[in-house]
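What follows is one structure encoded as structure tokens, with my remarks underneath.
Read-outs: derived from the displayed coordinates by stated rules, not from any lab. Computed from a prediction, not measured in an experiment: that's the story for all the values here. Here Cβ is always computed from backbone atoms with ideal geometry, including for glycine, and neighbour counts include all displayed protein chains.
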Amino acid sequence: MSIRDWFGLKGSSSEAASTAETETVRKIVARLEAIEPDKARFIAAFAYNLSRVAHADLSIDAAETRTMERLVVEVGKLPEEQAVLAVQIAKSQARLFGSTENFLVTREFRELSSEEERLRLLDCLFAVSAADGSISGQEEAQITSIATELGFTRRQMVEVRSRWNDQRAILQRPPDSA
């Protein structure tokens, strides 16, 4: 008799749930691996850059994560469960290796994408940073760096950014002091 049995704890249901979860993850990973390599690299670089901006203030909140997942579904044409996994991997990579990988991943995205796709990424970066209601100075600085790395002129970046002016912290009125 195990100690779990002695206390009346049933190990089989939690073990079965764990096995089912593991099998689900394996199925998702197998489907991700089945994606054409160039498309997978594109999605990975896209998701990483989204995470890079979300992590600019050293925190990635639930609203930013949901926005990233939605954008990866839309842009990558992935099922939601695959997009969730891609975003989780990208978030982990951005947290762990951001300072050393940022430029390399953005350069790879530039090589893999058309100008239209790069413009879409730039707009998506603002969408992620605005997910919590305000684009912080750190997030805006990170977007500016990415825009430069993608080869955009200052004018092009400002043009995209202007669509997000109402969300920019620097342009928002400070709360009334009482």
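Structure data summary
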quantity: Where a label projected 7 Å from the Cα of Arg107 along Cα→Cβ would reach, residues of the range 130-163 with amide N under 18 Å; calculated: 145-152
quantity: Taking N as its residue count, the alpha carbon Rg of the range 36-82 over 2.2 N^0.38 Å; calculated: 1.15
quantity: Cβ-placed point charges (K, R +1; D, E -1), dipole of the range 29-178 about Cα centre in debye, nearest 20; calculated: 220
quantity: Positive-end residue of Ala147, Ile60, Phe42, charge dipole of the range 31-178 with Cβ unit charges; calculated: Ala147
quantity: Protection-proxy order for peptides 49-58, 116-125, each taking the mean of Cβ atoms within 10 Å per residue, highest first; calculated: 49-58, 116-125
quantity: Coarse-grained scattering of the range 88-156 at q = 0.12, 0.15, 0.25 Å⁻¹, given as base-10 log I(q)/I(0) from a Debye sum over alpha-carbon atoms; calculated: -0.32, -0.50, -1.34
quantity: Distance histogram for the range 52-178 (every C-alpha pair counted, 5 angstrom bins, percent rounded to whole numbers); calculated: 2, 11, 20, 23, 22, 13, 5, 2, 1, 0, 0
